[in-house]
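Structure first, commentary second.
Here, each number is a calculation from the coordinates, and none is a lab measurement. Computed from a prediction, not measured in an experiment: that's the story for all the values here. With ideal geometry, Cβ positions are generated from the backbone for all residues, glycine too; neighbour counts draw on all protein chains shown.
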Amino acid sequence: MPELPEVETTVRRLRPEIVGRTITGVRLDWSRHTPTPAELRSLLPGRTVVGMARRGKYLVLDLEPAGRTLLIHLGMSGRLLTAAPDADPDKYAHTVLSMDNGRQLRFSDARKFGRLYLLADPRTVLGRLGPEPLSDAFSAGWLTEQLARRRRAIKPLIMEQSFIAGIGNIYADEALHRAGLEPRRPANSLAPAEADALHGGIQAVLAEAIEHGGTSLDWVYPGGKMQMRLRVYGRTGRPCLACGSSIERIVLGQRSTHFCPCCQR
Ligand SMILES: [Zn+2]
């Protein structure tokens with residue numbers, strides 16, 4: 001599933017080609033977007049993309065005229081790419097926007113958990129998100145204070161998008177290993193120095209993953225190099241790169257969770 005670094009990499013890759021382009025046509029054979037397909041077909045053509053950014057795991061495209069925002073959530077298996085209309089037919093491209101440079105913006109999504117939202121006010125969706133983990137709003141002091149108020153296990157808590165935006169299963173496991181924290185620890189059991197370490201671990205692993213183009217574990221998100229640098233995720237039974245102990249796998253909050261029983265206390 002694409003997380004913050006994969007979405008950020010996608011935005012950086014597409015921004016030079018998409019910003020300034022006007023949408024000329026829409027093809028949709030998928031109905032669970034917002035608003036309805038008929039409304040999207042009438043509202044999108046003629047609008048120009050004037051900005052492209054990321055918030056949490058959402059791609060945010062600012063459109064003019066009339067100040068609409070197109071949000072794209074890639075879900076479990078979504079990919080966003082540009083292509084010539086006659087290039088590589090893709091049976092999973094359920095949503096295709098034609099652009100005034102003759103190319104297409106394709107939203108390809110085999111498992112169909114992805115969503116597109118065309119909104120007058122993006123806060124109706126983005127307003128539910130917690131702070132951006134690489135912004136000033138996410139400070140060590142803020143995190144320490146928030147953790148002290150919550151009893152939930154630390155790993156599922158940092159994956160809650162309303163708590164911190166953008167972290168999923170891979171980077172939660174990796175951040176906790178970097179911080180030396182056992183994923184089942186109740187949030188309010190962390191000492192201030194441990195909360196500091198978690199803050200540092202989250203920021204370090206996300207920055208490293210963006211630098212390396214995100215994690216490519218299957219065909220869903222190609223091109224990243226971060227999978228070569230993961231320390232615990234997907235390494236069950238293999239030696240911890242820090243201490244040599246076997247990496248363990250448990251299920252926590254219905255998600256597979258990888259950690260080093262020696263380094264993470
Ligand atoms: Zn270890």
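State, to one decimal in nm, how far the label point of ARG128 lies from the label point of ALA87, with both points 7 Å from Cα in the Cβ direction.
The two pseudo-label positions are separated by 3.5 nm.
Once you have the alpha carbon radius of gyration of the stretch 58-158, what is it after dividing by 2.2 N^0.38 Å, with N set to its residue count?
Ratio of Cα Rg to 2.2 N^0.38 Å: 1.43.
If you average 1/r over every pair of different alpha-carbon atoms in the stretch 1-45 and take one over that average, what Kirkwood value in Å do you get?
12.6 Å
Bin width 10 Å, origin at 0, all Cα-Cα pairs of the stretch 190-265: what percent of pairs per bin?
With 10 Å bins starting at 0, P(r) equals 18, 39, 39, 4, 0.
Return one quarter of the surface area of the convex hull spanned by the alpha-carbon atoms of the chain, equal to its mean projected area, in nm².
Computing the convex hull of the Cα atoms and averaging its projections yields 14.1 nm².
In degrees from 0 to 90, rounded to the nearest 10, what is the angle of the helix 192-211 Cα long axis to the longest principal axis of the chain?
Once rounded, one gets 40 degrees.
Taking just the C-alpha trace of the stretch 103-172, give me its Rg and Dmax in Å.
15.5, 50
Would you count, across the chain, every pair of lysines whose alpha carbons are under 20 angstrom apart, provided the pair is eight or more residues apart or spans two chains?
4
Would you mind calculating the relative contact order of the stretch 4-126 from Cα pairs under 8 angstrom and at least 6 residues apart, reporting the percent as a whole number?
Relative CO of the stretch 4-126 lands at 28 percent.
Order of 229-235, 49-55, 24-30 by packing, highest average Cβ count within 10 Å first?
Peptide ranking by packing, descending: 229-235, 49-55, 24-30.
Using alpha carbons only, how many angstrom separate the centre of the stretch 96-171 from the centre of the stretch 216-265?
Here the two parts' Cα centres lie 22 Å apart.
For the chain, what is the mean residue ellipticity at 222 nm derived from helices alone (per DSSP H run of n ≥ 4: -39500 (n - 2.57); sum divided by total residues; nearest 500 deg cm²/dmol)?
Counting only the DSSP helices, I get -8000 deg cm²/dmol.
Please give the FRET efficiency for THR34 paired with ALA204, using the beta carbon to beta carbon distance and R0 = 30 Å, rounded to the nearest 0.05.
0.25
Set the Förster radius R0 to 51 Å, insert the Cβ-Cβ distance between THR24 and GLU182 as r into 1/(1 + (r/R0)^6), and round the FRET efficiency to 0.05.
0.45
Please report the relative contact order for the stretch 140-259, taking Cα pairs under 8 Å with a sequence separation of at least 6, and give it as a percent rounded to a whole number.
Across the stretch 140-259, relative contact order equals 24 percent.
Please give the length that would be gained between ASP121 and TRP142 if that part of the chain were fully extended, namely 0.36 nm times their separation in residues minus their C-alpha to C-alpha distance (nm, one decimal).
4.8 nm
Suppose a student asked you for the relative contact order of the chain, using Cα pairs under 8 Å spaced at least 6 residues apart; what percent would you report?
Value for the chain: 17 percent.
Mind putting together the pair-distance distribution for the stretch 4-126? All Cα pairs, 5 Å bins, whole percent per bin, short to long.
So the P(r) values, bin by bin, are 2, 11, 23, 27, 24, 10, 2, 0.
Cβ neighbours within 10 Å, averaged per peptide: list 159-170, 238-249 in order, most packed at the top.
Those peptides, ordered most packed to least, come out 159-170, 238-249.
Give the share of C-alpha pairs in each 10 angstrom bin for the stretch 140-259, from 0 to the last occupied bin, in whole percents, shortest bins first.
14, 46, 33, 7, 0
Which value, in debye to the nearest 20, gives the size of the charge dipole of the stretch 3-53 about its Cα centre, when Lys and Arg are +1 and Asp and Glu are -1 at the Cβ?
The calculation lands at about 220 debye.
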